[in-house]
Amino acid sequence: MRVPILTYHGVNIAGNDYATNDHVAFAADLDAIHALGLRIVPVAWVVDAVLGRATRDLARCVALTCDDGSNFDYHDLDHPQHGRQKSFYNALLDFRARHGAHAQPDLHLTSFVIAEPAARDAMDRLCLVGRDWMREDWWRAAQASGLVAIENHSWDHNHPCLTSPGPAGLVRGDFHDVGDEAKAEFEIAQAQDYIASRIERRPSLFCYPFGHVNDFLRADWLPRRGAALGLDAAFGDGATPATVDTDRWNVPRYICGWHWKSPEGLAQILRDAAK
Ligand SMILES: [Zn+2]
């Protein structure tokens, strides 16, 4: 198994071409992955393989994730500068409509969302355009669709737009600072409970905000606390394919716009994974 896990951000909209818009890239990448004869599978299947608890053949597979849980994941929206944007969810439905359900029978996207309503509201006002685009009311429908899983991207992303220091002395803007019990409980454990209360399913996956992975969380707290919280794995941005030797608490991903910026860049990642 050498599965590239690809990551998109619904708020990455600076234009309407591949390099400037993650929605354009996502839709193009679905077709490109399919044209190469690769299979799209749920990222939870990759975790099952890392944990040695399933025997699915994951040769020539790709998994898809998206971060931060803006409304752009699920709803088509009118961007003030760049016009109508197709959500990741609707891009999956479009793919299905064009190719048929048999084309990618396990088509799936994992959406890592931010739990706390007040933090999402602050990000919406201060970092987006104040149109209430960080809501949670689509989570349940997305999860129920079977095409999307809602998972844990922390309580409040320890985002720099929040007042610093935060609870437990958190220095805002740096997830590396989540380095003790109180901070980890605040950022990860309570997010598990909140998201579970909204989708009637306990998240099983966590994704480090900013890709900031520290040794306390990766090698101590998550191995100790993860199982009790219902967590199977945590995701970083290591930019290598996931294999059976992957650290379950730092599963690598490739980030659109950073690790690749063009269809050719993605093709190179997919070729390297197939070696
Ligand atoms: Zn994030």
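Observations on the structure shown:
- Only one of HIS108, HIS82 that is touching a Pro at 6+ places or on another chain (Cβ under 7 Å) and at pLDDT 95 or above: HIS108
- Residue match in segment 174-191 (condition: open to solvent by less than 10 Å² (accessible area, probe 1.4 Å), charged (D, E, K, R) and either away from the ligand (no atom under 16 Å from the Cβ) or within 21 Å of PRO160 (Cβ to Cβ) (or both)): yes
- A single entry from VAL41, VAL47, VAL11 fulfils the requirement of being surrounded by 16 or more Cβ atoms within 10 Å (Cβ to Cβ), over 22 Å from GLY238 (Cβ atoms) and in contact with an Asp or Glu (Cβ under 7 Å, 6 or more places away or on another chain): VAL11.
- Qualifying positions in segment 144-154 - under 23 Å from GLN190 (Cα atoms) and open to solvent by 40 Å² or more (accessible area, probe 1.4 Å): ALA144
- Residue count for segment 192-213 under the criterion of being farther than 16 Å from TYR254 by Cα and open to solvent by 40 Å² or more (accessible area, probe 1.4 Å): the result is 6.
- Test result for ASP73, within 18 Å of PHE206 (Cα to Cα), within 16 Å of the ligand (Cβ to nearest atom), in contact (Cβ under 8 Å) with a residue 24 or more places away in the chain and open to solvent by 50 Å² or more (accessible area, probe 1.4 Å): no
The values are calculated or read from the model by the stated rules, or taken from the named source; none is laboratory data. All of these numbers come straight from a predicted model, not from anything done at the bench. Here the Cβ is made from the backbone with ideal geometry for all residues, glycine too, and neighbour counts use every protein chain on show. Accessible surface is based on the protein model in full, side chains and every heavy atom, while ligands, DNA and RNA are left aside. Shrake-Rupley method; radii C 1.70, N 1.55, O 1.52, S 1.80 Å.
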